[in-house]
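The structure under discussion appears below in the form of structure tokens.
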Amino acid sequence: MTTKDRSLASLGLDDVPARAPLTYPGRPAPGPSLLTGDELLRLDVRPQRLGDWRVTELGGQPLDDVLTDLGQASTGDRHPVIAVGSNASPGQVAHKLTRLGIPAAVPMAPVRVEGIAVGCSGHISPAGYVAATPYVERAAAAELVLTWLDSAQLKAVDETEFPDYRRAVLPGDQFPMTLPSGERLSGAYIYFSAHGVLTDPGGALPRPGGGDQATLLRALLAASPRLGKLVGPDPETWVARAGAERSVREEGTRVFGEEGWVLPQTDFLPYADESAELLRYDDLPPLGGSLTDGPAPSA
């Protein structure tokens, strides 16, 4: 049904940070897209809700029609989740789902989120890398990726995030979230670190996250002789040792705290999701009026 040049491999989007930690966070979806298996199909943005956007490689069919034809949940029954870090990477998302036998059919689109920034979590992940986390910064805005997951997909992603991350519901009236269609979302899920946010060594401000993993690990090694002894001397050794030994990861995480590099992350706690009922896209009407009031911005 589709063309070979939309495969993740041909697009250079097949990195899987869970398997190759120094590729973290992987390359994000480059624009509005439908991940389906090992392909990433383009979405033609319309000034309408997501289900009416068109799938370019499938003759311009509406996205909801394509999902129905695939036997998958339509957009209205899916859960919008803001991706920070590798959950924005099609290769990583496909890996997380397909290894569990869950179809990797996931709409993905850019989203501008006001009031948050991206930092580094105060722990070493099971794969050995230092992952990204959002934190509240009212004067900031972040260009991220929004994924729409069905219930099985969300459960699968939850299991890769917990207990190191918690899930929150961001209210759109406090954290404006805007899609390429112009839609302002009234809410979306986001994961935030339970371990706090890393500061710059010797500083009090969060260290920017989401950049080159090897550069980050070199900087942390240079700032802490204790880390050098534990996981040094280089990023390759770090991820090999940390990825192989839980005790090494736990000790490295303790070193972060003992070096004074970790800021507690409490600003998301009022929004932490404790509900057994999952919010669907259909439960979240857009803010700010009709989407058909004007043309969609270019994606």
If you work out P(r) over Cα pairs in 10 Å bins from 0, in percent from the coordinates, which of (i) 6, 28, 34, 22, 8, 1, 0; (ii) 5, 18, 22, 23, 16, 9, 5, 2, 1, 0, 0; (iii) 6, 20, 23, 17, 10, 7, 5, 4, 3, 2, 1, 1, 0 do you get?
-> (i)
Cα axis of helix 151-161 to longest principal axis of the chain: angle in degrees, 0 to 90, nearest 10?
-> 10 degrees
Applying the Karplus parametrisation 6.51 cos²θ - 1.76 cosθ + 1.60 with θ = phi - 60° to the phi angles of segment 97-102, what ³J(HN,Hα) value in whole Hz is obtained for each residue in order, glycine and proline being reported as x?
-> 7, 5, 5, 9, x, 9
Helix 246-258 sits off the longest principal axis of the Cα atoms of the chain, rounded to the nearest 10 on a 0 to 90 degree scale, by 80 degrees
Between ALA105 and residues 5 or more places away or on another chain, the pairs with built amide H atoms under 5 Å apart involve GLY37
Nonlocal amide H pairs with GLU137, under 5 Å, H built at 1.01 Å | ILE116, ALA117
Note the angle between two axes, namely the Cα long axis of helix 213-223 and the longest principal axis of the Cα atoms of the chain, as a number of degrees from 0 to 90, rounded to the nearest 10.
-> 30 degrees
Using alpha-carbon positions, the gyration tensor of segment 68-218 gives root eigenvalues a ≥ b ≥ c; with a/c under 1.5 called rounded, otherwise prolate if a/b exceeds b/c, else oblate, the class is oblate
Computed Rg/Rh of segment 66-152, alpha carbon atoms with Kirkwood Rh = 1.02
Average accessible area per residue (Å²) across segment 181-272 - probe 1.4 Å, nucleic acids and ligands excluded | 46 Å²
First compute the accessible area of the chain with a 1.4 Å probe, then give the percent of it belonging to carbon and sulfur atoms.
-> 51 percent
Full-extension gain in nm, LYS155 to GLU277, via 0.36 nm per residue minus C-alpha separation = 42.7 nm
Rounded Å value of the spacing that divides the Cα centres of segment 143-195 and segment 1-64 | 18 Å
Given H placed 1.01 Å from N in the peptide plane, which residues other than close sequence neighbours of VAL111 have an amide H under 5 Å from its amide H?
-> LEU144, VAL145, LEU146
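The values are calculated or read from the model by the stated rules, or taken from the named source; none is laboratory data. Predicted model, so just to flag it, every value in this text is computed and none were measured. With ligands, DNA and RNA removed, areas are computed over all heavy atoms of the protein, side chains included. Shrake-Rupley method; radii C 1.70, N 1.55, O 1.52, S 1.80 Å.
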